[in-house]
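K.L.:
Here you go, one structure.
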Amino acid sequence: MKTKRHLLQLCLLWAMLLRPAVGQAQFTFTNDNGAIIITGYTGSPPGALILPDTILVGGANRPVTGIADGAFYNYTSLTSVTIGTNVTSIGDHAFDYCTGLNRVTLPNSVRRIGNSAFASCWWVAGVTLPSGLTNLGDSAFSYCSSLTNLAIPNGVSSLGSSTFEADENLAAVTLPNGLTSLGSWAFYDCPKLSGLTLPASVTNIEDGAFNGCASLTGITIPNGVSRIANSAFMGCSGLTQMTIPNAVTSIEDYAFATCTSLTNLTIPDAVNGIGDYAFWGCTSLGNLSIPNGVSRIGSSAFQTCISLTSVNIPGSVTNLGDAAFAFCNHLNAITVDANNPAYLSVAGVLFDKGQTVLIQYPAQKTGSNYSVPQSVARIGNDAFFRNSGLVNLTVPAGVTNIGQYALAYCTGLTNILFQGNAPAVDATIFYSSPSVIAYYLSGTTNWSSPFAGVPAVMLVGTPIITAPVNGQSWNNSTFTMTGSVSDFTPVAAVWFQVNANGWQPATTANNWTNWTAMAANLVDGTNLLQAYAVDVYGHNSTITSVKLIYVPPFNYTNINGTLTITRYTGSGGVVNIPGKIQGVPVTSIGDYAFFSSSSLTSVAIPTNIVSIGVNAFASCSGLTNVALPNGLARIGSAAFSYCASLTSVTIPNSVTNLEDYAFLFCTSLASVT
């Protein structure tokens, strides 16, 4: 029995002695003056792995203080790892692409986590970082798509590049007091990150640090930050508010691009430069104040800011990039400080100071006609882009170059008059502007049709206007006349006047192939009708003149210098009885003067008529309206009898003699006042 007990004890002793030897056999390592660095694993594919605190070397247990670069790289079968309590450093790529790893236990001894140490560990949902950690390497936890939250210890003063890049479920991160720098792309493409406060100690936010953090709604940048780096907040589509500190002097390329929910922003006075595409695609940005001190606004800096309605460029801006305000669909005016040495605005249109380059014609500027100033030599890229209200455009002879997409998406643009030789253009100039016709003048060169994809038509001259045959006679003081306009010129209007009594617009039903003039109160005898056409570029035709002879449709008698109308000879309708004929006043409407004029519908009686005779309007069955003047003294017997369509009548106070049957059988008459 005693022998058996000794044998058992001996076996246990051997087991204890062999235990470190088994651990040692599973790992490859290096011995750095008694400190063990694990470099790899030689056992069967591990699931759960526990890294030892020590390894027996030379008869002594040596502490495991480090995990070498790439030690467990691409160990896809590894599901969990517990790291020994003596480890202070985890090397670059140590557990990179351990795509099955879901749990990591780190000891408080760890001071350094190397570059990409746990990158692409897709299933790691949570990690408690050691309180003594001071160095968190580039891409340390990038592409950890299951990681949801993390607290970074106080000893970490900077985050490396892409530390948490593409952690698509990372929602909350606690940053330590004392953190001074966020590396480039530190939280790039973390679309669920919403809970984040930047410590006051932060002085540096590198390129793309929060690019694609679509759930961030508001953030305050600490006062020590002096630049908003390239793409720093690009794609933060949920960001509605942003506080930029007064120390910031530069907003760099793409800094806030596609922050589609950002509605307003105050740019600090210290800012001297706004980079290319800095606010590109900020579609909700409606309020913008550019401080006096900004000297450069980069190319496309505010492109596609479709909620901007106006922009004021301060006197300090001397470098304005191409398309800085292009595609701003609701922009109606750009103003420039009068003291600006490089740029100028005229009626809301942006030019260089010498007015030789038209830079931007706002997309929502009102008005259907525009003439480019004669001093302009070049129209810039995207200059008129998406202005749908512009119909007619005149380009002066001095313009030799028109930039890309300059007149693209101008859906209302119909006519462009080029006053000089064909300018240099490319195929994009009229992109998606479907109705454009380019007109050019005789004697200019290099024209062909189509021109940049649109028809090109040579203008012969100003419009030619014609009117009806001269000397027509009219029997009514109200007239309608139709004329025509010829030539290739697109016509904007036709104006006419009668007897120099003021120009009035004519009308058209067929885009000015014909025109119609309507006017009243021709004088008896000869009347002069004048008319002219205006093309869309403001050119007037010569004035055409037509004589109209007005023969009043009445028989009348002259007794002692006053006239009595004895018979109406016209065709009916609306009749205006003149106050004078041949200069002699009309004072009476005689007996039976309009009797049985059934086509008569309305009659206006002048104020100098004092007497309406017997049966004067009797049996005018179509008469619906009659205006009796104040001054009328007598309405004769049966004057309006059998006017079956007459519905109401007002008898003026001046009437002293209303004879029998004046309104007999006016069967529709409902009101007499």
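The values are calculated or read from the model by the stated rules, or taken from the named source; none is laboratory data. Note that the structure is predicted; figures quoted are calculated from it, not measured. Positions of Cβ are generated from backbone atoms using ideal geometry, with glycine treated the same way; all protein chains shown enter the neighbour counts. Just the protein is used for accessible areas: all its heavy atoms, side chains included, with ligands, DNA and RNA removed. Shrake-Rupley method; radii C 1.70, N 1.55, O 1.52, S 1.80 Å.
K.L.:
Going through region 245-272 one residue at a time, which ones are among the hydrophobic types (A, V, I, L, M, F, W, C), out of contact with any strand residue (DSSP E or B) (no Cβ under 7 Å at 6 or more places or on another chain) and open to solvent by less than 20 Å² (accessible area, probe 1.4 Å)?
P.N.:
PHE256, ALA257, CYS259
K.L.:
Would you mind listing the strands (runs of 3 or more DSSP E) fully within region 232-350 where at least 1 residues are within 14 Å of the chain's Cα centre (by Cα)? Show your work before the answer.
P.N.:
Details: elements: 241-243, 264-266, 287-289, 310-313, 333-336, 343-346.
Fully inside region 232-350 and qualifying: 287-289, 310-313, 333-336.
K.L.:
Could you tell me how many of the residues in region 274-285 are open to solvent by 10 Å² or more (accessible area, probe 1.4 Å) and farther than 17 Å from LEU331 by Cα?
P.N.:
Final tally of qualifying residues: 2.
K.L.:
If you don't mind, another one. Criterion first (open to solvent by less than 30 Å² (accessible area, probe 1.4 Å), closer than 25 Å to PHE187 by Cβ and modelled with pLDDT of 95 or more) does VAL64 satisfy it?
P.N.:
no
K.L.:
Hey, another quick one. With the requirement that a residue be surrounded by 19 or more Cβ atoms within 10 Å (Cβ to Cβ) and among the small types (Gly, Ala, Ser), what does region 508-545 give you?
P.N.:
ALA517, ALA519, ALA531, ALA533, SER541
K.L.:
Continuing with this model, one more query. In region 409-426, which residue that is buried (at least 23 other Cβ atoms within 10 Å of the Cβ) and part of a loop (DSSP other than H, G, I, E, B) is nearest to the chain's Cα centre (by Cα)?
P.N.:
By that ranking, first place goes to CYS410.
K.L.:
Checking TYR143 against (1) open to solvent by 50 Å² or more (accessible area, probe 1.4 Å); (2) on the phi < 0 side of the Ramachandran plot, only one condition comes out false. Which one?
P.N.:
The failed condition is (2).
K.L.:
Does region 364-373 contain any residue that is modelled with pLDDT of 95 or more, open to solvent by 50 Å² or more (accessible area, probe 1.4 Å) and more than 17 Å from LEU331 (Cβ to Cβ)?
P.N.:
No - not one qualifying residue is present in region 364-373.
K.L.:
Something else about it: Within region 615-623, does at least one residue satisfy the condition of being open to solvent by 30 Å² or more (accessible area, probe 1.4 Å), at pLDDT 95 or above and within 27 Å of LYS580 (Cβ to Cβ)?
P.N.:
No, the conditions are met nowhere in region 615-623.
K.L.:
Condition (residue is among the aromatic types (Phe, Trp, Tyr) and open to solvent by 30 Å² or more (accessible area, probe 1.4 Å)) applied to region 550-560: is it met by at least one residue?
P.N.:
Yes, region 550-560 contains at least one residue that is among the aromatic types (Phe, Trp, Tyr) and open to solvent by 30 Å² or more (accessible area, probe 1.4 Å).
K.L.:
Working carefully through the options SER442, SER388, SER435, find the one that is over 24 Å from PHE351 (Cα atoms), modelled with pLDDT under 95 and under 28 Å from the mean Cα position of the chain (by Cα).
P.N.:
The match here is SER435.
K.L.:
A further question on this structure: Can you tell me which residues in region 651-672 are over 19 Å from SER621 (Cβ atoms) and open to solvent by 100 Å² or more (accessible area, probe 1.4 Å)?
P.N.:
Scanning region 651-672 gives ASN653, THR656, ASP660.
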